[in-house]
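The values are calculated or read from the model by the stated rules, or taken from the named source; none is laboratory data. Predicted model, so just to flag it, every value in this text is computed and none were measured. Please note: Cβ atoms are built from the backbone with ideal geometry, for glycine as well, and neighbour counts cover all protein chains shown.
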């Protein structure tokens, strides 16, 4: 490719974008956008567009962050506007040093949003606070799991958010959820977090080996056990991999994991297991199973 | 094969091309930036005269292609004539990948050295034109090599990948965001990761996710995964990243607010981004504007880890996203000629002390500097900057300054060893 020509083409694209921007006469200045954003009489579409302009203006005037927090705090404002404000504020949160002075009030407003009637806003608030290991959010999430009438979110989401700061005191609760799950999704999430709990090895093995469990639950158990207790996982994985009555996706997962992390086996002493995997590579009807088996054969012979 | 007849009879003459100082097994990996090479005769005719040779691409239809020069000044022709002393004294030249002709596989580029005006081959030297590419354009094999190396680096949460999320959290975030250090710090982080991946598989270059374009194959179960109803990212069974573990736990949490077949909305496109601060084209305003949008907007097109700075680097997609941020900076530098670190239009503030530590040109970059006091975070994960077999830059304790002239445009010794597929050298 001719580089001089490429440069000309790139510059022409910039010029075209410049012309297009100049023709967009309705684009507000940051000050106008702030006025539109805060004016409840402005149509919601214009206020949402104004949000973006105000957010970008933080590059030159960080105080607009406080105005965006005002929008978020306004419980009378339309939920979509407040959702938009969270998104813009999170984008600005990446300017960590610029955002720092505004974060305490932002988190205060988010804590108030935990009880908002709008489920999306509740979820957003708890997700953000949980990442910052906010004790209030963690307490409310735990309460909701222990007493479902106090739940702020579906159980699976609450478990997931607790996982941003997983510690041992949650493990008994998570084990109870695995034993008596409110939903399959909640069970999967609890298993995911128990990958960090050495006391859950037996429980995870049992779930993995229980053919009556949903395939996705067993798959999560496989991954969790692999992380927690590789030797136990390998033992179970070798059986599952060769069992034609097992779910193909689960078998592909176990074969793929054994290919990558299983105990090395000298090529000169190929076991029955390796031979069977070679057969699966050619005979399995599932493309995923064939791919995983091929990966095993390639890695083990390579 | 060329033959030489002398008093001892007839024997073969060979040439030897050494790229980037050699040995070629580890150094014959180039991008668009010209790199030094040496060509010499082996077993030349004793007491004979110089032999005129031509260097050229072996295959010109597929694979990586190269061009040549005797110095770093364009143009770079696709053949080069040289005269090689018979006594084996090496002749210096420069080799670069031909823009837009990158390799797909290791050694798919080859340079043939022939006796000038003939097809008598003196040497065939295999190499790879290895550049950072749009993730959408990767072949299945390229994608697999990248994912495989990434999974090895992660090693179910026990590998050295754990240093990367650790450096991008808590007080470490102050070193990397909101001020001038944003772009150089992330450039160093990406290069660190890329060198770690290359120590596992030298053919890997970081791909980038163009967040202003649709990328359906990136957001597929075979590449970066697809979320289930609970935002847990699922991969094809047996996928290398299926056993991904970080200190955030098992797996990856991510859900996009756009469909895989579409580009995200509310995000500045490339042309608009490159034209921010359009009249003066100064680094500081440009960085401040682009850090919010597209960078911040790209992060918030997702829920899950990417949505917040404290958790973002636990998601492998973070590195593809930031590779695109870095590409935009590289392309802006190329378009506006912003490689000279002594110019405030290329970076400001110059010197040190004007901004908090970590954001001034002469400051060293944490955590690679190992500093844990004087305004730095209390720990420095990861150790010194990894070395590269192809360049000594940026050294074990890099400064921000070392990240500016990344191609060695002004100073060849500054070359960091990477290029983007759409940012030429010239």
Residue check, residue B:9 against (1) at pLDDT below 90; (2) under 23 Å from the mean Cα position of the chain (by Cα), all met but one. Which one?
-> (2)
Do you know which residues across segment A:3-29 are loosely packed, with under 11 Cβ neighbours inside 10 Å and either in a loop (DSSP other than H, G, I, E, B) or within 37 Å of the chain's Cα centre (by Cα) (or both)?
-> A:24, A:25, A:26, A:29
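Within segment B:340-356, count every residue that is without any contact (Cβ under 8 Å) to a residue 24 or more places away in the chain and at negative phi. Give the derivation first.
First, pick out the residues of segment B:340-356 that are without any contact (Cβ under 8 Å) to a residue 24 or more places away in the chain: B:342-343, B:350-354.
Now drop any that are not at negative phi, which leaves B:342-343, B:350, B:352, B:354.
Total meeting the criteria: 5.
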Count - residues of segment B:35-60 that are assigned to a loop (DSSP other than H, G, I, E, B) and closer than 21 Å to residue B:109 by Cβ | 3
Confirm whether residue A:243 is surrounded by fewer than 22 Cβ atoms within 10 Å (Cβ to Cβ) and modelled with pLDDT of 95 or more.
-> yes
Pull up segment A:30-59, narrow it to residues that are surrounded by fewer than 17 Cβ atoms within 10 Å (Cβ to Cβ) and touching a residue at least 24 places away in the same chain (Cβ under 8 Å), then point me to the one that is farthest from the chain's Cα centre (by Cα).
-> A:40
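Hey, does segment A:70-83 have a residue that's within 12 Å of another protein chain (Cβ to nearest Cβ), touching a helix residue (DSSP H, G or I) at 6+ places or on another chain (Cβ under 8 Å) and closer than 18 Å to residue A:129 by Cβ?
First pass over segment A:70-83, keeping only residues within 12 Å of another protein chain (Cβ to nearest Cβ): A:83.
Next, only the ones that are touching a helix residue (DSSP H, G or I) at 6+ places or on another chain (Cβ under 8 Å) stay: A:83.
The next check asks that each one be closer than 18 Å to residue A:129 by Cβ; those that pass are A:83.
Scanning segment A:70-83 turns up at least one residue that is within 12 Å of another protein chain (Cβ to nearest Cβ), touching a helix residue (DSSP H, G or I) at 6+ places or on another chain (Cβ under 8 Å) and closer than 18 Å to residue A:129 by Cβ.
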Kindly check whether there is at least one residue in segment B:349-360 that is touching a helix residue (DSSP H, G or I) at 6+ places or on another chain (Cβ under 8 Å), surrounded by 20 or more Cβ atoms within 10 Å (Cβ to Cβ) and away from chain A (no Cβ under 14 Å).
-> no
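Please go through segment B:407-421 and give me each residue that is closer than 17 Å to residue B:30 by Cβ and either free of Cβ contacts under 8 Å to residues at least 40 places away in the same chain or touching a helix residue (DSSP H, G or I) at 6+ places or on another chain (Cβ under 7 Å) (or both), ordered by number.
Selection gives B:408, B:413, B:414, B:416, B:418, B:420.
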Would a scan of segment B:385-398 turn up a residue that is over 15 Å from the mean Cα position of the chain (by Cα) and closer than 14 Å to residue B:340 by Cα?
-> no
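Of everything in segment A:1-28 that's touching a helix residue (DSSP H, G or I) at 6+ places or on another chain (Cβ under 8 Å) and more than 9 Å from chain B (Cβ to nearest Cβ), which residue is nearest to residue B:422 (Cα to Cα)?
Here is the first cut: in segment A:1-28, the residues touching a helix residue (DSSP H, G or I) at 6+ places or on another chain (Cβ under 8 Å) are A:7, A:10-11, A:13-14, A:16-17, A:21, A:27-28.
After this cut, where a residue has to be more than 9 Å from chain B (Cβ to nearest Cβ) as well, the list is A:27-28.
On the way: A:27: 31, A:28: 34 Å.
The residue in question is A:27.
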Residue B:311, sole failed condition from (1) free of Cβ contacts under 8 Å to residues at least 40 places away in the same chain; (2) buried (at least 21 other Cβ atoms within 10 Å of the Cβ) = (1)
Return yes when residue B:128 is assigned to a helix (DSSP H, G or I), buried (at least 16 other Cβ atoms within 10 Å of the Cβ) and either within 14 Å of chain A (Cβ to nearest Cβ) or on the phi < 0 side of the Ramachandran plot (or both) and no when it is not.
-> no
Is segment B:206-229 home to any residue that is over 30 Å from residue A:156 (Cα atoms), within 13 Å of another protein chain (Cβ to nearest Cβ) and assigned to a loop (DSSP other than H, G, I, E, B)?
-> yes
Of the numbered conditions (1) under 29 Å from residue A:228 (Cβ atoms); (2) within 14 Å of another protein chain (Cβ to nearest Cβ), residue B:197 fails exactly one; give the number of that condition.
-> (2)
Just for segment B:235-247: of the residues that are surrounded by fewer than 23 Cβ atoms within 10 Å (Cβ to Cβ) and closer than 17 Å to residue A:163 by Cβ, which one is nearest to the other protein chains (Cβ to nearest Cβ)?
-> B:247
If you scan segment A:204-246, which residues turn out to be over 15 Å from residue B:242 (Cβ atoms) and either facing another protein chain (nearest Cβ under 10 Å) or in contact (Cβ under 8 Å) with a residue 40 or more places away in the chain (or both)?
-> A:228
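Which of the helices (runs of 4 or more DSSP H) found entirely inside segment A:135-203 contain at least 2 residues meeting this: within 14 Å of chain B (Cβ to nearest Cβ)? Reasoning before the result, please.
On the way: elements: A:135-146, A:155-162, A:171-179, A:184-194.
Hits in segment A:135-203: A:155-162, A:171-179, A:184-194.
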Is it true that some residue in segment B:323-333 is closer than 23 Å to residue B:244 by Cα and away from chain A (no Cβ under 12 Å)?
-> yes
Residue satisfying condition, being assigned by TED's automatic domain parsing to the domain that holds residue B:157 and surrounded by fewer than 19 Cβ atoms within 10 Å (Cβ to Cβ), within set B:278, B:270 = B:278
For residue B:337, the lone unmet condition from (1) at the interface with another protein chain (Cβ under 9 Å from one of its Cβ atoms); (2) free of Cβ contacts under 8 Å to residues at least 40 places away in the same chain; (3) surrounded by fewer than 23 Cβ atoms within 10 Å (Cβ to Cβ); (4) under 23 Å from the mean Cα position of the chain (by Cα) is (1)
All but one of (1) buried (at least 16 other Cβ atoms within 10 Å of the Cβ); (2) in contact (Cβ under 8 Å) with a residue 40 or more places away in the chain hold for residue A:120, so report the exception by its number.
-> (1)
Do the conditions hold for residue B:171, that is, is it more than 20 Å from the chain's Cα centre (by Cα) and not assigned by TED's automatic domain parsing to the domain that holds residue B:68?
-> yes
